[in-house]
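Novice: This is the structure, below, for whatever I ask next.
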Amino acid sequence: MIESTLNYWHQGETTMTNKIYAFCGLSGTGKTTVARIISEFYDLPFIVSCTTRPMRPGEKDGKDYRFVDDHTWNKLSKNGALAATQEFKVACGSVWKYGIKRDDLKDSCVMVLTPSGINELRAAGYNVVSFYITMIEETRLKRIGCRNDNQSNAEIVRRTKADKAVFKKFTPDYIIDNSGELADTILYVAQQMSKEKSGK
């Protein structure tokens, strides 16, 4: 259904150039799912962030994140190899770090980023188009609860509170409600990307 919808809209044209398409949103809104579908359809690289946080059940190194230890992170940071970096002090007291390897950045690519990451890339001269994915709160929390990824309730609450504060100060290029059919969300993104390409 999603593939046929995209093919109908673009009539086989799948080349996007010279922009970074960044998806952001609260945990559980489906931003990563949307980003991966767009990446696959347009044959654009999906850029995976590096992180020092522990791997959760079901995650795979290199697919969900590039999981690194603090020593490796510090080495990459010292060498200037990381962009769009951010640190979070989580509920358990640990500090988790996230960032994009500069060598992974392409002129045309798709990634999931925080608002600060988007702003940092823009400040560095990258052409970033931002999509803010939203969802009805009840549905979002239900999705998080079904993940079985070992996040504590305290961490879910902490992250939600922190993220909401950040997003209040962020103005994305596009806001998309993903509470309905995923195909509708994908179509809307495709329409906006087509406009971005044509310069409208």
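The values are calculated or read from the model by the stated rules, or taken from the named source; none is laboratory data. The shown structure was predicted, so the numbers you read here are calculated from the model rather than taken from an experiment. Cβ coordinates were reconstructed from backbone atoms using ideal geometry, including for glycine residues, and neighbour counts include every protein chain displayed. SASA here: full protein model, heavy atoms, side chains in, ligands and nucleic acids out. Shrake-Rupley method; radii C 1.70, N 1.55, O 1.52, S 1.80 Å.
Novice: Could you list the chymotrypsin sites (Phe, Trp or Tyr not before Pro) in the range 168-199 that lie in coil according to DSSP, counting only those with at most 16 other Cβ atoms within 10 Å of their Cβ?
Specialist: On the way: sites: F170, Y174, Y188; in loops: F170.
Hits after loop and neighbour filter: F170.
Novice: Using only helices, what value at 222 nm comes out for the chain when you add -39,500 (n - 2.57) per DSSP H run of length 4 or more and divide by the total residues, to the nearest 500 deg cm²/dmol?
Specialist: Taking each H run of at least 4 residues, the total per residue is -12500 deg cm²/dmol.
Novice: Loop-only check: which trypsin sites (Lys or Arg not before Pro) in the range 95-192 are DSSP coil with at most 15 other Cβ within 10 angstrom? Show your work: numbers first, answer last.
Specialist: Numbers: sites: K97, K101, R102, K106, R122, R140, K142, R143, R147, R158, R159, K161, K164, K168, K169; in loops: K106, R147, K169.
Counting only loop positions with at most 15 other Cβ atoms within 10 Å, the trypsin sites (Lys or Arg not before Pro) in the range 95-192 are K106, R147, K169.
Novice: Give me the percent of DSSP beta bridges within the chain that run antiparallel, rounded to the nearest 5. Show your work: numbers first, answer last.
Specialist: On the way: 8 of 26 bridges.
Roughly 30 percent of the DSSP beta bridges within the chain come out antiparallel.
Novice: Something else about it: Of all the accessible heavy-atom surface of the chain, with the other protein chains kept in place and a 1.4 Å probe, what percent is carbon and sulfur?
Specialist: 48 percent
Novice: When the convex hull of the C-alpha atoms of the chain is computed, what volume per residue in Å³ does it have? Could the numbers behind the result be given before it?
Specialist: Working: hull volume 24.9 nm³, N = 200.
So the per-residue hull volume is 124 Å³.
Novice: Provide the per residue accessible area, probe 1.4 Å, for the chain, rounded to a whole number of square angstrom.
Specialist: That works out to 55 Å² for each residue.
Novice: Work out which helices of the chain, taken as complete DSSP H runs, extend at least 18 Å along their axis over the Cα atoms and score a mean Kyte-Doolittle of -0.5 or more, then list them.
Specialist: 182-198
Novice: Using a 1.4 Å probe and ignoring any ligands, DNA or RNA, find the accessible area of L82 and quote it in Å² to the nearest 10.
Specialist: 10 Å²
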